[in-house]
Amino acid sequence: MKPLPEIKIYPKRPALDARPLDMRIGLIILATDHTSEPDFRRMVASERVGVYVARIPYANPTTPENLRKMQPALTAGAALILPDEKLDAICYSCTSASVVIGDAEIEAAIQVAKPGVPVVTPPMAGVRGLRALGANKLSILTPYTVETSRPMAAYFAARGFEIVSFTCLGFEDDREMARIAPATLVDLAREATDASADALFVSCTALRSALAVTGMENS
């Protein structure tokens, strides 16, 4: 065996970019989540935008009590995403937990680890989108039980929307919710939309709604 060559340190330190990518988006998801990462890879990530993910503990069934238990983990989850580096935004990808815990409480928990970072939750984004569309009367479709759906109805009603119909599917396990086929979601959306509604809000980041949205809009 020939002797190894001398290992030399390159004499000039290479120049560094300010960031590997222009934008950094943090994503906090449930340990059981099948859907958020593929959705964000497809719709958000690009050569300029990086999506950096942390999973936090969660155990089914999907009840208000179990959803609320995630709140203490939000700070630790945010801290795991590029420690000591700034993010451009963080999304907590759980619609039902967001309405149970509260947007302000989620923002506060995340900003303990990432001070000043803009925080987005699915219902917060939903409200902004619905207002941009000028929608006032809503039909709402969720995969949850009635118990878990009630806080969702209260959330949108408290923000000035008139809920003209509300349909839930009765699932307790978010892993099963993720297995509802996009084509089935199109059919469910059609049936759940009241004729008087300005818009349909489909709740739950476990659902593969992003793959069904074109079909929903065309049906």
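Listed values, structure above:
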| quantity | calculated |
| --- | --- |
| The chain - charge dipole about Cα centre, Lys and Arg +1 at Cβ, Asp and Glu -1, debye rounded to 20 | 860 |
| Relative contact order (%) - criterion: Cα under 8 Å, at least six apart; region: the stretch 121-219 | 36 |
| Between helix 146-158 and the chain: long-axis angle, C-alpha atoms, 0 to 90°, nearest 10 | 90 |
| Selected from 21, 5, 210, residue furthest toward positive end of dipole (the chain; charges at beta carbon) | 5 |
| Cα coordinate range in the stretch 31-151, projected on the principal axes (Å, largest first) | 41, 33, 26 |
| Which of 54, 80, 70, positive extreme of dipole for the stretch 53-92 (C-beta unit charges) | 70 |
| Leading residue at positive end of dipole, the chain (Cβ point charges), from 43, 139, 193 | 43 |
| Rg and Dmax of the chain, Cα atoms only, in Å | 20.7, 82 |
| Set of the stretch 33-65 residues, backbone N closer than 19 Å to the point 7 Å along the Cα-Cβ line of residue 19 | 40-54 |
| Distance between the stretch 147-185 and the stretch 16-81 - C-alpha centres, whole angstrom | 21 |
| √(5λ) per eigenvalue of the Cα gyration tensor, the stretch 123-218, largest first, Å | 20, 16, 12 |
| FRET efficiency, 1/(1 + (r/R0)^6) with R0 41 Å, evaluated for residue 191 and residue 112 via beta carbons | 0.45 |
| In degrees, nearest ten, helix 122-133 long axis to first principal axis of the chain (Cα) | 60 |
| Mean Cβ count within 10 Å, highest first, over the residues of peptides 128-136, 9-17, 58-66 | 58-66, 128-136, 9-17 |
| Partner lysines for residue 86 [C-alpha distance under 30 Å; skip if fewer than 8 residues away on the same chain] | 12, 69, 114 |
| Debye, to nearest 20: dipole size of the stretch 23-121, +1 on Lys, Arg Cβ, -1 on Asp, Glu Cβ | 120 |
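Rule-based calculations on the coordinates, nothing more; no lab input. Source: prediction; values computed, not measured. Neighbour counts are summed over all protein chains in view; Cβ atoms, including those assigned to glycine, are modelled from backbone coordinates with ideal geometry.
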